Amino acid sequence: MSKKIVIFGGSGFLGSHVADFLTKRKYDVFIFDIKKSLYRNRFQKFILGDTLNKIQVNKVLKNCSYVFNFSGEADIGKSKKFPIETLESNIIGTANILQACLKNKIKKYLHASTVYVNSEQGGFYRSSKHAAELIIENYNEFFGLDFVIMRFGSLYGPRANKFNFISNIIEEALNSRQITRQGNGEEIREYIHIFDAAELCCKLIQNKYRNVIVNITGSQPYKVKNVLQLIKEILGEDINIKFNKKKILKDHYKITPYSYKTRIAKKLINDGYIELGEGILNLINDKIKDKS
């Protein structure tokens, strides 16, 4: 059996960590992305390409067993500014990959979605992710393509993208000794470290996970204001936390994303996990090292 795995969007935050976990498990990892990877190691192959290019997508999936798709637009703010581009990458790009999976007889397609599909918030990001989920289920219903849909919550950790909340507030605190937050900090999130999330993604290759939707979120809910206080305690009492209560968090949920019903997802967690305080401390140390 071929151990080739293609990771679309493998240059990004989550995709690059999943690539590393799979490489350690002796899979033959191919990273397909529109931008070069800063994290690829010598055991991983890289293909510069676009999921909107059907020829490129089909070519990379030859003799492949499993496909992870972390590609597309994940920034809620950017998706609002560029709706057409978001719909193309998150829907058409996904459809191109699914069709190539059929042609190349892929064993399982694993797709990165979001807890926002259960929400009234999220704008074009949410609606494009929801549409992609429905299309994936159609490919299973009509063509028998096995899938796993992974709905992610709030990720944090090394290699975070530029719109990652925890990464940004740590940077702000280190640079200006201040943390600014829109809203009152009462918002609730379930943060999960990127290492834990990547490990769970790899487990989903197992045969027992077929045609299911799983939630990959933290094991404990935190109020945002408590997370900010945690960072302040780690960095020192001179950190000033400011809440801009006049600015509400448009397009983001406050307490829960589950404001309307979609297909029910099972929650998947590791037996052990990286505790939030430990994960933030490690991330702060990494950023301090980068600045030195």
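So what is the calculated 222 nm ellipticity per residue for the chain, using -39500 (n - 2.57) for each DSSP H run with n of 4 or more, over all residues, to the nearest 500 deg cm²/dmol?
On the way: 10 runs with 112 residues, N = 292.
Rounded to the nearest 500, it is -11500 deg cm²/dmol.
Return the whole-Å distance between the Cα centroid of segment 273-292 and the Cα centroid of segment 166-229. When both Cα centres are located, 14 Å separates them. Run down the aspartates and glutamates and flag those whose C-alpha is under 15 Å from the C-alpha of Lys267, throwing out any fewer than 8 positions away in its chain. In chain and number order, the partners are Glu190, Asp196, Glu199.
Label zone (Asn282, point 7 Å along Cα-to-C-beta; backbone nitrogen cut-off 15 Å) within segment 124-161: 155-160. Bridgeable aspartates and glutamates around Lys62 (alpha carbons under 20 Å apart, same-chain partners fewer than 8 residues away excluded): Asp28, Asp33, Asp50, Asp146. Using a cut-off of 32 Å between Cα atoms, the listed pairs Lys45/Lys105; Lys35/Lys223; Lys45/Lys203 include Lys35/Lys223 as exceeding that distance. Choose one of Ile269, Gly93, Asn53: the residue whose Cα lies farthest towards the positive end of the charge dipole of the chain (beta-carbon charges +1 Lys, Arg; -1 Asp, Glu; about the Cα centre). It is Asn53, whose Cα lies furthest towards the positive end.
Which of the chymotrypsin sites (Phe, Trp or Tyr not before Pro) found in segment 162-225 are in a DSSP loop and have at most 15 neighbouring Cβ atoms, other than their own, within 10 Å? All intermediate terms of the calculation are to be shown ahead of the outcome.
Details: sites: Phe163, Phe165, Tyr191, Phe195, Tyr209, Tyr222; in loops: Phe163, Tyr209.
Within segment 162-225, the qualifying chymotrypsin sites (Phe, Trp or Tyr not before Pro) (loop, at most 15 other Cβ atoms within 10 Å) are Phe163.
Here the average projected area of the convex hull drawn through the C-alpha atoms of segment 37-163 stands at 8.4 nm². Scalar couplings 3J(HN,Hα) for segment 195-205, obtained by applying the Karplus form with A = 6.51, B = -1.76, C = 1.60 to θ = phi - 60°, are 5, 5, 5, 5, 4, 5, 4, 5, 5, 6, 5 Hz; x denotes Gly and Pro. Gyration tensor over the Cα atoms of the chain: the corresponding equivalent ellipsoid has semi-axes (square roots of 5 times the eigenvalues, largest first) of 32, 21, 17 Å.
Laboratory data are not the source of any read-out in this text; all were calculated from the coordinates shown. This one's a predicted model, so the numbers in the text were calculated from it and none came from an experiment. A quick note on method: Cβ atoms are made from the backbone with ideal geometry, for glycine too, and the neighbour counts reach across all protein chains shown.
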